[in-house]
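Asks: After the structure tokens below, expect a handful of questions from me.
The values are calculated or read from the model by the stated rules, or taken from the named source; none is laboratory data. If you're wondering where the values come from, they're calculated on a predicted model, not measured in any experiment. Here the Cβ positions follow ideal geometry from the backbone for every residue, glycine too, while neighbour counts run over all protein chains shown. Just the protein is used for accessible areas: all its heavy atoms, side chains included, with ligands, DNA and RNA removed. Shrake-Rupley method; radii C 1.70, N 1.55, O 1.52, S 1.80 Å.
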Amino acid sequence: LQGGVNFERAEAVDDIGALPAPTPQLEAAFPERFQRDASGRLVSIDQRPLNIRSALSESLSSSLTANVPLGDEGARRGVLRVTLNHSWRLTNRTTIHEALPELDRLAGDGGGVSRQSLGLSIDARRGRWGVNIGARWRDGYRFRRDFGRDGPDDLRIAPFSAVNLKLTRKFERAIAGRDEGTRRGVGLQVELEIANLFDARPKARLGDGRPAPGYGRDDQDPLGRTVQLSLKRRF
């Protein structure tokens, strides 16, 4: 059994970073980066990196891993490995320009980021069978239209979770040895892999509860659940 906790704090002054997600306030602070035609329609955005006056981020991460033996000694002996990871963003603030307020990305300024995320991995091997389960979850977050305040046109991204599953079966085959005669080796290997087992799709609503454009069932993830069967053999 192994575990760990890590705290990280990072401060930067006069750093180089990416242009935040476009908003009316950002366009007012950097008008030269937004090109509009004669009718006022936005036609292009200059997204080259820019200088950031200051940035501060703090995060707390933890992990726990357990290895459990399965079965008795011998060919059918196996192992179960379980790993749990958690990440918690405590602070994420950036000051880009004196004409803009300090951006709090955890509150939704400049694009927004989720505050917490969780990952779980279960890997089991016994004899010729193997199974792997991977699950991930991230907290919901807000994308503010106006820096520093919530509004009815904000984008509220819902929490999201997905589970992946993989089953493996190995078949033995006889191998003729030069000195030892016939021995057993790994032959055909069959893998069944299901990504996004429960067909989860990203969801979002606007700040006042209206459906968010671009977040229909197939807009963000047209595939959803995918199933793949693989046959492998070493020649």
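Asks: Please sort by residue number the trypsin sites (Lys or Arg not before Pro) in the stretch 2-80 whose DSSP state is loop and whose Cβ has at most 11 other Cβ atoms within 10 Å. Intermediate results must be reported in sequence, preceding the final value.
Replies: Details: sites: R9, R33, R36, R41, R53, R76, R77; in loops: R41, R76, R77.
The qualifying sites are R41.
Asks: Also, quick follow-up: Exposed loop GluC sites (Glu not before Pro) only (DSSP loop, at most 13 other Cβ atoms within 10 Å): please give the longest stretch of the chain free of them, not including the sites. Each step should come with its number before you reach the end.
Replies: Working: sites that count: E73, E98, E180.
Value returned for the longest uninterrupted segment is 99-179.
Asks: Note down the net charge around T168, summing +1 for each Lys or Arg and -1 for each Asp or Glu among other residues with Cβ under 10 Å from its Cβ. Please list the in-between numbers first.
Replies: Values: positive: R125, R128, K166, R169, K170, K232; negative: E191, E193.
Charge balance near T168 sits at +4.
Asks: Could you point to the residue in G71, Q116, I96 farthest towards the positive end of the stretch 48-130's charge dipole, with +1 and -1 charges on the Cβ of Lys/Arg and Asp/Glu respectively?
Replies: G71
Asks: Gaussian network model of the chain, Cα springs within a sub-10 Å range: biggest mean-square fluctuation belongs to which of G151, G108, G119?
Replies: G151
Asks: Right, next: Specify the inter-centroid distance of the stretch 1-76 and the stretch 216-231, based on alpha-carbon positions, in whole Å.
Replies: What the calculation gives is 26 Å, centre to centre.
Asks: A further question follows. Which entry in [x] 1.45; [y] 1.69; [z] 1.27 is this structure's computed Cα Rg over 2.2 N^0.38 Å?
Replies: It is the value labelled [x].
Asks: For D150, what accessible surface area do you get with a 1.4 Å probe? Give it in Å², rounded to 10.
Replies: Rounded to the nearest 10, that gives 90 Å².
Asks: Could you give the length gained by full extension between L19 and S61, i.e. 0.36 nm per residue of separation minus their alpha carbon distance, to one decimal place? Walk me through the numbers on the way to the answer.
Replies: Working: separation 42, 0.36 × 42 = 15.12 nm, distance 2.69 nm.
Taking 0.36 nm per residue and subtracting the Cα distance, the gain is 12.4 nm.
Asks: Give the carbon-plus-sulfur fraction of the accessible surface of the stretch 3-137 in %, rounded to a whole number; probe 1.4 Å, heavy atoms of protein chains only. All intermediate terms of the calculation are to be shown ahead of the outcome.
Replies: Numbers: 4280 of 8250 Å².
That share works out to 52 percent.
Asks: Next question, about the same structure. What figure in square angstrom, to the nearest 10, would you give for the accessible area of K232 with a 1.4 Å probe?
Replies: 100 Å²
Asks: Could you provide, to the nearest whole Å², the per residue accessible area of the chain with probe 1.4 Å? Walk me through the intermediate numbers first.
Replies: Working: 15300 Å² over 235 residues.
Computed with neighbouring chains in place, this is 65 Å² per residue.
Asks: Leaving ligands, DNA and RNA out of it, rank L229, L50, L1 by accessible area with a 1.4 Å probe, largest first.
Replies: If we order L229, L50, L1 from most to least accessible, we get L1, L229, L50.
Asks: With r as the distance between the Cβ atoms of L229 and Q47 and R0 = 35 Å, compute the FRET efficiency 1/(1 + (r/R0)^6) and round to 0.05.
Replies: Numbers: r = 41 Å, r/R0 = 1.18.
It comes out at approximately 0.25.
Asks: I would also like to ask the following. What's the magnitude of the charge dipole for the stretch 71-134 around its Cα centre, counting Lys and Arg as +1 and Asp and Glu as -1 at the beta-carbon? Answer in Debye, nearest 20.
Replies: 580 debye
Asks: Using a 1.4 Å probe, how large is the accessible area of V79, given in Å² and rounded to the nearest 10?
Replies: 60 Å²
Asks: Something else: For E11 and D219 in one chain, what is 0.36 nm times their gap in residues minus the Cα-Cα distance, to one decimal in nm? It would help to have the intermediate numbers written out before the result.
Replies: Numbers: separation 208, 0.36 × 208 = 74.88 nm, distance 3.69 nm.
Here the answer is 71.2 nm.
Asks: A follow-up question, please. In a shell of Cβ-Cβ distance under 12 Å around G130, excluding G130 itself, what net charge do Lys and Arg (+1) and Asp and Glu (-1) give? Walk me through the intermediate numbers first.
Replies: Working: positive: R81, R125, R126, R128, K166, R169, K170; negative: D123, E191, E193.
So the environment of G130 carries a net charge of +4.
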